[in-house]
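Below you'll find the structure, written out as C-alpha cells, and then a few comments.
What follows is calculated from the coordinates using simple rules that are stated; it is not laboratory data. Quantities reported herein were computed from a predicted structural model and do not represent experimental measurements. Glycine also receives a Cβ, built like all others from the backbone with ideal geometry; neighbour counts cover every protein chain displayed.
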Amino acid sequence: MKKIGILTSGGDAPGMNAAIRAVTRTALKHGMTVMGIRRGFNGLINGDMVELGIRSVSDIIQRGGTILYTARCNEFRFEEGLQKAKATCIKEGIEGLIVLGGDGSFRGAADLSARGIPCVAIPCTIDNDISMTEYTIGYDTAMNTAMLLIDKLRDTTQSHDRCSVVEVMGRHAGHIAVNTGIATGATHILTEEVPYSVDDVIERIQNTQTTGKHHFIIVVSEGIGNSQDIAKKIEQATGVETRATILGHVQRGGSPTVRDRVVASQLGHCAVELLNQGYSNRVIGTKHGNIIDYDIQEALSMKKSFENDLYRIAMDISF
Ligand code: F6P
C-alpha cells in the first residue's frame, strides 16, 4: 500500500492527536504517503486534505482536540455521499483509510470498505461506550477532568453545607458517571444502566444526615434527564440547599493522560500494520490489555456490559 488517508470523525476525544501521530509515523516508516483528511467524512467528500509529513505531527502528542478537525457527516449516510468519497479516494490514489471516532464513524468505515476502499477504525470517544473494546481513546482524560472539577465543586459544596447534583457526559452510557462518582466519594450515582428513583437519593441523603454529614455530591449521567429538576426535588424534600452543575464539553478537552497517549500510540501503530497487511473493514480495540481487532459489523452488534460491581461498591462505601 503506497498512500493512505486518516480522518477524525464524531465528537473529538483527547488522544486523537497522539493516534494521528502514531498512524503518520508508522505509515512513513513503511514508505507510505499519508493524507490528513479534514473534518471527518466531509473532507473525503469534498477532497479537503493535506499531506502529513514527519514534522506535521510534531508537538501534537500532548494536545487535546484534533489537528484534522472533526464533524458528523449526514451526507455519508447516503449512497451519493459514499460514492463521492470513493471517487475522491480513487482520484487522490488513497488505497486505505484509517477512521478515528465512535460507532457512528465505524458505520461509515464499514460502508466505505464495502465499496472497495479498505478501512480500519480506531475507537475514540470519551464515553467508552464501544462494545468490542474495553477502552476507548479519550475516556481516561475525560474522567480525570471530571474528577478534578468535581473535587473543586466539593470545596464550595462543603463550605455552604449544600448538595451538588453534577451532570457528567457519556451519552447513554454511565461509565464516566460510575467511575467519577466512586473517585469523588459521591453520595449517590444515577446512570441509565441501574434502575433509580430520586426518592432513593433523597432517602440516602436523609440517612446520611443522621450520621452528621452536611454536604452531598450526587453524580448524574447525562442520559438521566434534567439535573435542575433533580436538584429542585432534593432541595424541597431535604431542605438542603441544592445546586445543579452541568460539566459539559469541558470534559472533551485538555491534554491527554498517559493512558490515552499510550493506547492511542498502540492502536494507531496497529491500524497501519493491518492496512499494510491487506486487512479491511476492521476495528481495533483492547481486551485484557492486549490489542484485538474485529470485523466492523460484528463489533457493532456486540453489547457492552456495565460495571455493576463497581456501582455496588460505590453505594456500599459512600455515605
Ligand atoms: O460522544 C461524546 C459526547 O461528548 C457525549 O458524551 C455527548 O452526549 C455528546 O458527545 C455531545 O455531542 P455534541 O458535541 O454534538 O454536543
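For this structure, a couple of remarks:
- Between the C-alpha center of region 12-49 and that of region 227-304 there is a gap of 20 Å.
- In terms of its C-alpha gyration tensor, region 46-109 comes out oblate, because a/c is 1.5 or above while a/b does not outweigh b/c.
- Here is how the number arises for the chain: DSSP H runs of 4 or more residues each give -39500 (n - 2.57), the sum is divided by the residue count, and the result at 222 nm is -13000 deg cm²/dmol.
- Taken one residue at a time, the phi angles of region 75-84 give Karplus couplings (6.51, -1.76, 1.60, θ = phi - 60°) of 4, 6, 6, 10, 4, 4, x, 4, 5, 4 Hz. Gly and Pro are set to x.
- 3J(HN,Hα) couplings calculated from phi for region 224-232 with the Karplus curve 6.51 cos²θ - 1.76 cosθ + 1.60 (θ = phi - 60°) are, in sequence order, 5, x, 7, 5, 4, 5, 4, 4, 4 Hz; Gly and Pro show x.
- Along region 309-319 the Karplus relation, 6.51 cos²θ - 1.76 cosθ + 1.60 evaluated at θ = phi - 60°, assigns HN-Hα couplings of 4, 5, 4, 4, 4, 4, 5, 6, 10, 10, 7 Hz to successive residues, with x for each Gly and Pro.
- Evaluated at q = 0.13 Å⁻¹, the base-10 log of the normalised Debye intensity for region 71-154, with identical point scatterers placed on the Cα atoms, takes the values -0.52.
- For region 188-271, the equivalent ellipsoid derived from the alpha-carbon gyration tensor has semi-axes of 36, 14, 13 Å in decreasing order.
- If both residues of a DSSP beta bridge must be in the chain, then about 20% of such bridges are antiparallel.
- Unsatisfied cross-links (Cα-Cα over 32 Å) in the set Lys2/Lys84; Lys213/Lys304; Lys233/Lys303; Lys2/Lys303; Lys29/Lys287; Lys29/Lys84: Lys213/Lys304; Lys233/Lys303; Lys2/Lys303
- Amide H contacts of Gly254 (H built 1.01 Å from N, under 5 Å, at least 5 apart or other chain): Gly64, Gly65
- Reported value for the chain: 121 Å³ per residue, from the convex hull of its C-alpha atoms.
- With both labels modelled 7 Å from their Cα along Cα-to-Cβ, the His30 to Lys91 distance reads 2.5 nm.
- Here is the list for region 1-109: trypsin sites (Lys or Arg not before Pro) lying in DSSP coil, each with at most 13 other C-beta atoms within 10 angstrom of its C-beta, are Lys2, Arg55.
- Prolate/oblate/rounded call for region 1-115, Cα gyration tensor, a/c under 1.5 rounded: oblate
- Here the Gaussian network model covers the chain, with springs between Cα atoms less than 10 Å apart; of Gly47, Gly96, Gly64, Gly47 fluctuates the most.
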